[in-house]
Ligand SMILES: Cc1cc2nc3c(=O)[nH]c(=O)nc-3n(C[C@H](O)[C@H](O)[C@H](O)COP(=O)(O)OP(=O)(O)OC[C@H]3O[C@@H](n4cnc5c(N)ncnc54)[C@H](O)[C@@H]3O)c2cc1C
């Protein structure tokens, strides 16, 4: 594909995707000349503040960013999972650990079989969520902070920190609006042209232009695949407020069902970020804003409306263009997956460029497209499951979701679960699985929504007593833990030392 090694990379866009792309390429492949072009007039989308655990892993373990500096500048708080105010239980927690895909050595059955009535405190992270704590306390009194957790992080601060780190790594950032592209006779892009007449040539282009998809979508005309038969939401009302003294900083994102969709609540130190994701086929913008304000009296009088579509381009890599972030695809934010996909796809791209000594072959490009394509459809199906299984609210939107949501590759899992219940064999009925949610995430949705299964288990008293003792143990450990505010005080103490920082 490439007759000579790639030398010059141009990233179009400096939202979180563009900056992460430039930083990842420059940090892992320092011989590359990496430039970004971005339009301050167009700006960034400015939403996207919940992450999954692979995001801190990407920043610190993969890219080697300094934890202390990052926490000081970006001021993230910790997210242990998602609290769903959802379905017939009304509430259940998805913590990013093994709550259900787990069998304790002293129990007869996997955890899920004990959760018919009570689904809480099944693991330490889920107990921490239940008690509003971020971390367990170590013997020395410090928070046990090194585990598998995600972040809540304000988009503006994230973008500003990533820009600073990218510049420090040697990435050049050019302000200008791309208005055209020159293509070689064989198809690849040779250069982009800016509004002011400048021409920026490169061997390889990363399209991070957000929903505009300037290179992959517009110039290369890659076909787009809509997920509208599985995910019906297409807009969000966005509006938060400054945190009041009576509002604790919760260590999780809340996802609460609404009349025609659901609302997120993301917890920053000084700000509460709230948004209502809805389907414009079932509710108007005005009705959505009215419901949002009615249920959130602190929300601003005129919240912002953001339009989106769920779907992805057929290929993420065409010719010499790779799309990362919203330019390549987007699924609605129910599990806050966008940055997870950005980081995962960037790691695959960097490793492929590295292993091919910057001369990627057609086979590598095709594999990248196959893996990223499967990644998109797996997440589409996982999100679709959230809607399909929610048996609680009786509104036209939810009736439609239960009846019409297409489950894609998950029908075999659902059939198997309905027969056999929440055991680990379900994993063999999951196809694809190019994401971090794994069987655990799917089981949480099935058990959390009390989806019926036939092979029920009634634990005998001794087994039930051991199960309850485990839950009590986790609960007591969590109750003695530290909340987000306590933990922020620890990491801001001058004597605090992050593991892994040089
Ligand atoms: C309602 C909603 C909620 C979301 N919540 C989450 C969440 O909780 N977690 C999560 O991970 N993600 C979430 N996302 C996704 C989030 O948008 C992305 O994670 C993230 O912000 C990446 O955006 P981006 O960099 O791809 O695009 P953008 O931020 O839109 O950046 C695009 C860049 O391209 C530049 N650009 C565009 N066209 C041109 C041009 N012609 N010339 C020059 N420059 C150009 C722009 O100036 C900008 O710099 C959410 C999205 C929506 C819509």
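Values quoted throughout were computed directly from the atomic coordinates according to the rules given, and no laboratory measurement underlies them. Predicted model only: the values in this text are computed from it and were never measured. Neighbour counts are summed over all protein chains in view; Cβ atoms, including those assigned to glycine, are modelled from backbone coordinates with ideal geometry.
Highest first, please rank the peptides 50-61, 295-306 by the mean number of other Cβ atoms sitting within 10 Å of their residues.
50-61, 295-306
Kindly work out what percent of the DSSP beta bridges joining two residues of the chain are antiparallel, to the nearest 5.
70 percent
Treating the angle as unsigned and between 0 and 90°, give the value, to the nearest 10°, between the Cα long axis of helix 338-355 and the longest Cα principal axis of the chain.
It is inclined by approximately 50 degrees.
Any chance you could give the angle, 0 to 90 degrees and rounded to 10, that helix 155-168 forms with the longest Cα principal axis of the chain?
50 degrees
Is the shape of region 55-115 rounded, prolate or oblate, going by the alpha carbon gyration tensor and its root eigenvalues a ≥ b ≥ c, with a/c under 1.5 for rounded and a/b larger than b/c for prolate?
Since a/c reaches 1.5 but b/c is at least a/b, the shape of region 55-115 is classed as oblate.
Can you order the peptides 119-125, 104-110, 365-371 by their average number of other Cβ atoms within 10 Å per residue, highest first?
Peptide ranking by packing, descending: 119-125, 365-371, 104-110.
Could you work out the helix-only [θ] at 222 nm for the chain, with each DSSP H run of four or more residues adding -39,500 (n - 2.57) and the total divided by the number of residues, to the nearest 500 deg cm²/dmol? Don't skip to the end; give the middle numbers.
Numbers: 12 runs with 156 residues, N = 502.
Result for the chain, helices only: -10000 deg cm²/dmol.
Just for region 1-122, what percent of DSSP beta bridges are antiparallel, to the closest 5?
45 percent
Any idea what the relative contact order of the chain is, in percent, if you count C-alpha pairs under 8 Å spaced at least 6 apart?
Details: 989 pairs, mean separation 119.1, N = 502.
This gives 24 percent for the chain.
Assign one of three labels to region 370-436, namely rounded, prolate or oblate, based on the Cα gyration tensor with a ≥ b ≥ c the square roots of its eigenvalues; rounded applies when a/c is under 1.5, prolate when it is not and a/b is larger than b/c, and oblate otherwise.
oblate
Going by alpha carbons, how many degrees (0 to 90, nearest 10) lie between the helix axis of 438-448 and the longest principal axis of the chain?
Between helix and principal axis, roughly 40 degrees.
With labels modelled as points extended 7 Å from the Cα through the Cβ direction, what inter-label distance (nm, one decimal) is found for residue 304 paired with residue 493?
3.8 nm
Decide, for region 435-483, between rounded, prolate and oblate: order the square roots of the alpha carbon gyration tensor eigenvalues as a ≥ b ≥ c, take rounded if a/c falls under 1.5, and otherwise choose prolate if a/b is larger than b/c, else oblate.
oblate
Within 10 Å, count the other beta carbons around each residue, average over each peptide in 308-318, 205-215, and list them highest first.
By packing density, highest mean first, the sequence is 205-215, 308-318.
List residues of region 474-498, by number, whose backbone nitrogen lies under 15 Å from a label position 7 Å along Cα→C-beta of residue 144.
474-483
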